[in-house]
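The values are calculated or read from the model by the stated rules, or taken from the named source; none is laboratory data. These numbers come from a predicted model, not from an experiment. Every residue, glycine among them, receives a Cβ derived from its backbone with ideal geometry; neighbour counts consider all protein chains shown. Only protein heavy atoms, including side chains, enter the accessible area calculation; ligands, DNA and RNA are left aside. Shrake-Rupley method; radii C 1.70, N 1.55, O 1.52, S 1.80 Å.
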Amino acid sequence: MKEELDWANLAFGYIPTDYNVRCVYKDGRWGEIEVSSSETINLHIAASSLHYGQEIFEGLKAFRGADGKIRVFRLEENAARIQESARGILMEPIPTGLFAEMVRKVVKLNERFIPPYGSGASLYIRPLEIGISPRIGVKPASEYLFIVMVTPVGPYFKEGFKPTNICIMREYDRVAPRGTGRWKVGGNYAASLTAGEHAHELGYSAVLYLDPKEKKYLDECGPANFIAIKDGKYITPASDSILPSITNKSLQQLALDMGIEVEARHITVEELADIDEAAAVGTAAVASPVAEIHDLDNGNRYIIAKDGQPGPVVTALYHKLRGIQMGEEADVHGWNTIIE
Ligand SMILES: *Cc1c(COP(=O)(O)O)cnc(C)c1O
């Protein structure tokens, strides 16, 4: 990298960095951590990940703080979640210690790609695990490859923290009622591409999925969790088909800290008429406020942000969480791992 990257204008895309780290599970144990400067892998053509979708991943971020320190947000939570995903589709769980060591290592090795404090950009960390044993019969692999790669990403809100419109389309489900929705598996994303592209073509930022069994309750919001503020309470759907977002979990804690009641429960579509604020929450944006929700099946329109501005509670939660990630606010819950 001869010139500095234009940090504030980076997209959420892939930019090559210097290194990635890898580890192989073979003969019943994890091997040595390998540092690689190659952007490719050599994979058996019959690998279980290629044929039967044995692939899971994570997404977390490293930030350069106000004090110059590097912070990774909720590393242990992400380690625990990828272990859950692994158990969900019969892959080998990555021990927390190995996960943590590899994240530390890859962040440190690519330190020059961590955007400066104040740019709004961050270093996105993408751990992924794939089955690498050749499998033609449908059976879990016995060998796995775990990779942690990183790439710098720009600020999510380039034009400011502005609400967008989302839609309900009953013709699509992201996952099955007792399926893989609660795990971070690549296949869930493949299954959501058609609905997502359709929504984007119609000018919406995401699909607000309904529960796939009864189509009565709110479920996932695109690749993010849905939250709403109603009568001063923080409400979020409880469902077996939702991926438990670590951002959502963190915002719930911050809401409790602010004296706001939190309810994880079924939320009906009709309840949208009575909510005061809404947002899609996840690592990429923290919170992406919702302006309007259009039910494309019956023409109902729920106007959430009446003046086109994000609501006060979502805004306060967003700034609080960002402040903790940047080291501007006290990390009272011990969510940050400092990389030295
Ligand atoms: C990753 C993901 C989220 C957000 O989770 P965070 O831990 O907050 O980043 C939400 N929904 C889906 C489907 C996801 O894959």
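Label positions at GLU270 and TYR14, each projected 7 Å from the Cα along the C-beta direction, are separated by 4.7 nm. Here segment 195-303 yields Rg over Rh of 0.94, to two decimals, using C-alpha coordinates and the Kirkwood radius.
In degrees between 0 and 90, to the nearest 10, how far off the longest principal axis of the chain does helix 75-88 point, with axes built from Cα atoms? Here the helix axis deviates by roughly 80 degrees. Rounded to the nearest 5, the antiparallel percentage of DSSP beta bridges internal to segment 115-261 is 90%.
Apply 1/(1 + (r/R0)^6) to the Cβ-Cβ distance of LYS306 and ARG178, taking R0 = 56 Å, and write down the FRET efficiency to the nearest 0.05. Before the final figure, lay out the partial values.
Details: r = 38 Å, r/R0 = 0.68.
Result of the calculation: an efficiency of 0.90.
Taking amide H positions as modeled 1.01 Å from N, with prolines and chain starts lacking one, the residues under 5 Å from GLU277 and 5 or more places away or on another chain are ILE229.
Under a 5 Å amide H cut-off, with hydrogens placed 1.01 Å from N, GLU263 pairs with TYR234, ILE235, THR236 among residues at least 5 apart or on other chains.
The distance separating the Cα centre of segment 168-231 from that of segment 271-330 comes to 17 Å.
Report the percentage of all Cα-Cα pairs in the chain whose separation exceeds 32 Å, rounded to a whole percent. Walk me through the numbers on the way to the answer.
On the way: 18258 of 57630 pairs.
Counting pairs separated by more than 32 Å, the tail of P(r) holds 32 percent.
P(r) for segment 97-206, from all Cα pairs and a bin width of 10 Å, is 11, 25, 33, 26, 6, 0 %, short bins first. Taking 7 Å steps out from each Cα toward its Cβ at GLU84 and GLU328 produces label points 3.0 nm apart. For the chain, with all protein chains in place and a probe radius of 1.4 Å, 51% of the accessible heavy-atom surface sits on carbon or sulfur.
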